[in-house]
1. Are any residues in the range 46-83 among the hydroxyl-bearing types (Ser, Thr, Tyr) and in contact with a Lys or Arg (Cβ under 7 Å, 6 or more places away or on another chain), and if so, which ones?
2. When the range 262-283 is examined, which residues are found to be within 23 Å of His140 (Cα to Cα) and out of contact with any Leu (no Cβ under 9 Å at 6 or more places or on another chain)?
3. Restricting to the range 94-112, and then to whatever is more than 21 Å from Ile185 (Cβ to Cβ) and within 25 Å of the chain's Cα centre (by Cα), can you tell me which residue is surrounded by the most Cβ atoms within 10 Å (Cβ to Cβ)?
4. Here is a list: Lys260, Lys236, Lys221. Which entry is among the basic types (Lys, Arg), surrounded by fewer than 16 Cβ atoms within 10 Å (Cβ to Cβ) and closer than 30 Å to Val284 by Cα?
5. Looking at Asn156 and the list (1) of a type in the set (S, T, N, Q); (2) in contact (Cβ under 8 Å) with a residue 40 or more places away in the chain; (3) over 25 Å from Thr333 (Cβ atoms), which single condition is not satisfied?
6. Within the range 42-50, identify whether any single residue is at pLDDT 95 or above and under 14 Å from Arg30 (Cα atoms), and answer yes or no.
7. Given the conditions (1) outside any strand (DSSP E or B); (2) crowded, with 23+ Cβ neighbours inside 10 Å, report the number of the one that Arg291 does not fulfil.
8. Being closer than 23 Å to Cys304 by Cβ and of a type outside the set (A, V, I, L, M) narrows it down to one of Gly228, Gly263, so name that one.
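The values are calculated or read from the model by the stated rules, or taken from the named source; none is laboratory data. What you see is a predicted model; the values in this text were computed from it and never measured. Neighbour counts are summed over all protein chains in view; Cβ atoms, including those assigned to glycine, are modelled from backbone coordinates with ideal geometry.
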Amino acid sequence: MTMARYRTMMELLFSVAILFQGCESDVRCRDGHGTEVDWYIVYKYPSGMDDLSYLYMDESTNGWKVNKKAINSTSGPLANTLKPLFDFYDRKTEGFGYMLYNDQPPQLPNQTKPQSVSQSYGHSKGVVMLDKQTGVWLSHSTPGFPVYQNKDFWPNSGNMNAQIFMCVTYSYKTFKEIALQLEYIHGYSYDSNISTTFHEELLCVAQRDCYPKQEPWFSVKTLTSMGGQSFSSYAKYTRFGDDLYSGLIVKFLEQNLYVKSWGKMRCPLPSTCTPEGHHVNNVVEVKLPKRKFFKSTVDHSKWCVTPDGNWTCIADMNREMSQMKRAGGAICTENVAVAKAFNKIVKLCDTYKPAPYNHDAHSHEL
């Protein structure tokens with residue numbers, strides 16, 4: 001073989017390699033080894049319980065796995081998943097887009113303190129990243145996450161309390177539906193780069209310009225992950241005017257719910273029984289594997305689980321009076337292993353107790 005033919009063949013092989021590399025998307029949920037996973041859930045312990053360690057679960061673990069790494073590790077699932085975003089900071093990767101939203105956004109470089117967000121925006125926190133093949137929707141509970149355009153992504157505001165994260169990998173086409181859900185959630189986008197070549201609905205949400213203008217003031221959609229698993233997205237806009245859990249989720253699931261939300265609310269909603277007869281009970285204590293129980297006052301996570309079924313939801317919102325008038329949502333999965341794992345950590349519920357029947361109050365003349 002002549003040197004010229006050898007050079008031509010090597011150039012051809014190099015071109016084919018580049019072509020195939022371009023067909024492989026890096027925008028996927030990834031575990032602590034950097035391996036692609038269809039979805040995962042991370043539950044960070046509150047401060048004082050192994051500092052920044054966390055529990056991890058994905059489709060292969062069959063429940064919780066204790067992870068002794070710090071959640072801010074550069075080789076953990078959050079860092080590995082966010083790597084395409086970090087790469088974009090360095091070299092403005094072509095064909096990559098992202099939107100970061102948080103009702104408690106991080107402090108920007110030109111600010112002396114974190115910005116205050118109007119309550120007209122959703123009580124919601126999340127990360128959307130995508131290219132023209134795949135993308136991730138990472139929903140979470142952490143104020144100031146991720147830190148603004150910094151590879152040191154973990155904020156100090158996430159240290160004290162327990163926090164939760166749910167990442168799901170979707171195909172590019174699914175993000176048109178996700179964008180429509182984000183319109184109802186109406187999250188406060190504090191940093192984004194969505195080009196005009198992406199779904200226009202997503203660009204509109206990233207620019208904070210799109211939100212529902214007419215009824216219905218809620219939306220429920222089934223989203224299918226890259227691995228073929230179905231997730232239910234529940235989203236309510238400000239004008240829905242009711243609790244996310246007792247007013248929306250339970251009406252579709254038609255099952256009782258255990259709801260875990262922030263324990264330091266001004267006007268918490270009590271455990272209740274819906275008109276359809278389903279109980280929505282507030283979780284007040286949690287016991288994570290191999291640890292002592294802790295109260296909801298040190299747990300900033302938001303989630304719910306059906307005690308008699310297989311549904312689990314990772315959510316944006318608390319059961320609080322003012323949040324009946326806020327936008328937000330939840331991502332739910334009907335998965336036996338996930339529901340079993342969450343039911344196991346419920347230590348104590350504030351169960352619904354009907355008021356004593358008062359005959360005089362209910363009597364009337366015929």
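1. Ser53, Tyr54, Tyr56, Thr81
2. Trp262, Gly263, Lys264, Met265, Arg266, Cys267, Pro268, Leu269
3. The selected residue is Phe96.
4. Numbers: Lys260 fails: surrounded by fewer than 16 Cβ atoms within 10 Å (Cβ to Cβ); Lys236 fails: surrounded by fewer than 16 Cβ atoms within 10 Å (Cβ to Cβ).
Result: Lys221 is the single residue among Lys260, Lys236, Lys221 that is among the basic types (Lys, Arg), surrounded by fewer than 16 Cβ atoms within 10 Å (Cβ to Cβ) and closer than 30 Å to Val284 by Cα.
5. Just one mismatch for Asn156, condition (2).
6. Within the range 42-50, one or more residues are at pLDDT 95 or above and under 14 Å from Arg30 (Cα atoms).
7. (2)
8. On the way: Gly228 fails: closer than 23 Å to Cys304 by Cβ.
Result: Gly263 is the single residue among Gly228, Gly263 that is closer than 23 Å to Cys304 by Cβ and of a type outside the set (A, V, I, L, M).
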